[in-house]
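Here the structure is laid out as structure tokens; the discussion comes afterwards.
The values are calculated or read from the model by the stated rules, or taken from the named source; none is laboratory data. Predicted model only: the values in this text are computed from it and were never measured. Please note: Cβ atoms are built from the backbone with ideal geometry, for glycine as well, and neighbour counts cover all protein chains shown.
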């Protein structure tokens, strides 16, 4: 088996709470009725950036890294997420994310937010179906960070990054990339070890049956 080339990797940022501050509008969620979440998300264009998250994101971009955005919102709110990113100049050519992901519906509905983030973190291609891996997932909720790590997705809490110098952040990102590439190499080696060798049992059957 010929080893697959190592694909590029990116830093994934959680949207709500890490980049976008929706906390001033949580009163909408205390109201009764089926449309409370819709009313809550309708405030997205008014939401201010999370300063710490935007600072880390800007520094990641300045260091030359690609990034992606993960949202656990209903896909119908994805347009509001894109509008917010546009209003905060994150859709320009040099600052555009590689992908902006929303929650997808499975057989049992949308499922828990953690499952959605794990799926996003494990995704292996961008919005244009080009190879792209997540080397680090940044979130503002510790239980999500712990759950991502337990599921094998490298993750850190936003607060762990805000006080790093540019040099320290660069070293951290490089370390995350090296660790991710080590996992990639291990997966490739395992795949090569489990592939049937040329001329194995399957080839013998084909020859005996007159297929070759």
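Of the set (1) touching a residue at least 60 places away in the same chain (Cβ under 8 Å); (2) buried (at least 16 other Cβ atoms within 10 Å of the Cβ), all apply to residue 22 but (1).
Keeping to region 126-167, report how many residues are under 18 Å from residue 66 (Cα atoms) and in a helix (DSSP H, G or I). Walk me through it before giving the result.
The first filter runs over region 126-167 and keeps only residues under 18 Å from residue 66 (Cα atoms), leaving 126-139, 153-156, 158, 161, 166-167.
Applying the additional criterion that residues be in a helix (DSSP H, G or I) yields 158, 166-167.
The qualifying residues number 3.
One line per residue, one yes/no per condition, for (1) touching a helix residue (DSSP H, G or I) at 6+ places or on another chain (Cβ under 9 Å); (2) surrounded by fewer than 18 Cβ atoms within 10 Å (Cβ to Cβ); (3) outside any loop (DSSP other than H, G, I, E, B):
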position	(1), (2), (3)
12	yes, no, yes
26	yes, yes, yes
45	yes, yes, yes
57	no, no, yes
65	yes, no, no
78	no, yes, yes
85	no, no, yes
120	no, no, yes
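Within region 51-61, the residues that satisfy the criterion of being in contact (Cβ under 8 Å) with a residue 60 or more places away in the chain, under 30 Å from residue 131 (Cβ atoms) and over 16 Å from the mean Cα position of the chain (by Cα) are 55, 59.
Evaluate the following for residue 33: is it surrounded by fewer than 13 Cβ atoms within 10 Å (Cβ to Cβ), closer than 20 Å to residue 95 by Cα and at pLDDT below 95?
In short, no.
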